[in-house]
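So the structure is just underneath, and the comments pick up after that.
The values are calculated or read from the model by the stated rules, or taken from the named source; none is laboratory data. Every value quoted in this text rests on a predicted model; they were computed, and no experiment measured them. With ideal geometry, Cβ positions are generated from the backbone for all residues, glycine too; neighbour counts draw on all protein chains shown. We work out accessible area using only protein heavy atoms, side chains counted, and drop any ligands, DNA or RNA first. Shrake-Rupley method; radii C 1.70, N 1.55, O 1.52, S 1.80 Å.
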Amino acid sequence: MFLFSLQPKKAIESQQNERAVIYLDNHATTPCDPVAIEKMLPWFGECFGNPHSSHHAGQVASDAIHRSIDIIASLINTVGEKVIVTSGATESNQLAIRGAVTHPRQKRKHLVSVTSEHPAVLDVLKDLENDGFKVTLVPVVPQGRANAGTVDLDCLASAITDETALVSVMWANNETGAINPMAQVSALCSRHGCLLHSDATQAIGRIPVDLEAVKIDLLSATAHKFYGPKGTGFLVVGAGDRRVRLRPQMLGGGQQAGLRSGTMNPAGIVGMATALEQSINDLRSDPKRVTKMRDSLWSLLSSGLQGLTLNGSNLAEEVRLGGNLNLQLPEIEGQAWMSSSPDVLFSSGSACSGHEATASHVLTSLGLSDAEARRSVRFGIGRFNTQSEIESAAEYLVENYLKLLRIQS
Ligand SMILES: Cc1ncc(COP(=O)(O)O)c(C=O)c1O
């Protein structure tokens, strides 16, 4: 049972009394790619210049940043001028949504989004509601129907009006892995001349994202979901057909054309570009590897445990991220299974709400009861997992589940 080769493995092993653990929680975060770590190191040491200084050391850092931004942009088929670097998707979502709808030239006051969005979108919308905006949240296709967990397109079409300023629909969901039909969502927004924001945090690096093929006005991402460092992300502004005006949310030195003040982070940005390049190269060279491991985990668990069901859609690659497995257990709470199985790391809800005892809003938005949601677990298989890890994890998890059942009965 191995995790990955650098420091994190040691850290997690020592927490677990030197036992090696298998990390299957890649929707919460991913281990930083060793190639990205290596490329980042000089920017903490000898290349320490402030990228906004006009002297040589500053220019070296600035050039590295611009090269990295161009790499990121080209990997999603846009241009570097449209990319703003942020501290992650939470900040990107805030800048995109609040920034666009509070711009003085924006006169529309209606916002549309989806019940299954991440709190980094939903909480911004709630806050805007308090400021006088009207917010409509549309449902997802319920459990048991084809494409369960994706946005209900009919409801979305009837929610958008000519008063809608912005629609926010995530590209892929962090719990169910549901992939939204972004081309159709984009067409609906064009019809009404409203802006489209997409939180693409779980999609970037995992599935192809081509901003020439699908027009998105504002797109958020965070590096640590594609094997980059934490605390670094980006927002693409204006990759759709409409002009986007943003009111900055962070004021100060006027960096990044005044849209996001603050000294840029060369190490983080170089690491983010390297990690995205590595992820996309990997995806192109072996697009089915992660999906095959996920399918294998599903088949091993469901043959070892009676009555497991899938939450969300089927496992087809058009509607579900290849590494995602969200399961409902027949008898045991997800948290109990997790606690009894410390050698495999997975999640009983989204990591961001994992500290709360409440049932996942994503699962209840699918139509699950609170009890069903609490009997659910999420696995996220990633690039650095191996088939032998999947087999060891499945054997261990089945064994622990059966032990728990015996204790309960
Ligand atoms: C879909 C989605 N959006 C936003 C975020 C927030 O990302 P960050 O914490 O890097 O800002 C996450 C992280 O879990 C996520 O999964």
*Condition check for Ala273: within 21 Å of Val60 (Cβ to Cβ) and either in contact with a Phe, Trp or Tyr (Cβ under 9 Å, 6 or more places away or on another chain) or not in a helix (DSSP H, G or I) (or both)*: no
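Residue-by-condition table, conditions (1) assigned to a helix (DSSP H, G or I); (2) among the β-branched types (Val, Ile, Thr):
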site	(1), (2)
Asn93	yes, no
Ile97	yes, yes
Ala100	yes, no
Arg105	no, no
*Is it true that some residue in region 298-317 is among the acidic types (Asp, Glu), open to solvent by 50 Å² or more (accessible area, probe 1.4 Å) and under 20 Å from the mean Cα position of the chain (by Cα)?*
yes
*Consider Pro42 carefully, then state whether it is in a helix (DSSP H, G or I) and either surrounded by fewer than 14 Cβ atoms within 10 Å (Cβ to Cβ) or free of Cβ contacts under 8 Å to residues at least 60 places away in the same chain (or both).*
yes
*Selection status of Ile37, at pLDDT 95 or above, under 30 Å from Tyr396 (Cβ atoms), surrounded by 16 or more Cβ atoms within 10 Å (Cβ to Cβ) and among the hydrophobic types (A, V, I, L, M, F, W, C)*: yes
*Being modelled with pLDDT under 95 and hydroxyl-bearing (Ser, Thr, Tyr) is the filter; apply it to region 340-359 and report the residue that is farthest from the chain's Cα centre (by Cα).*
Thr358
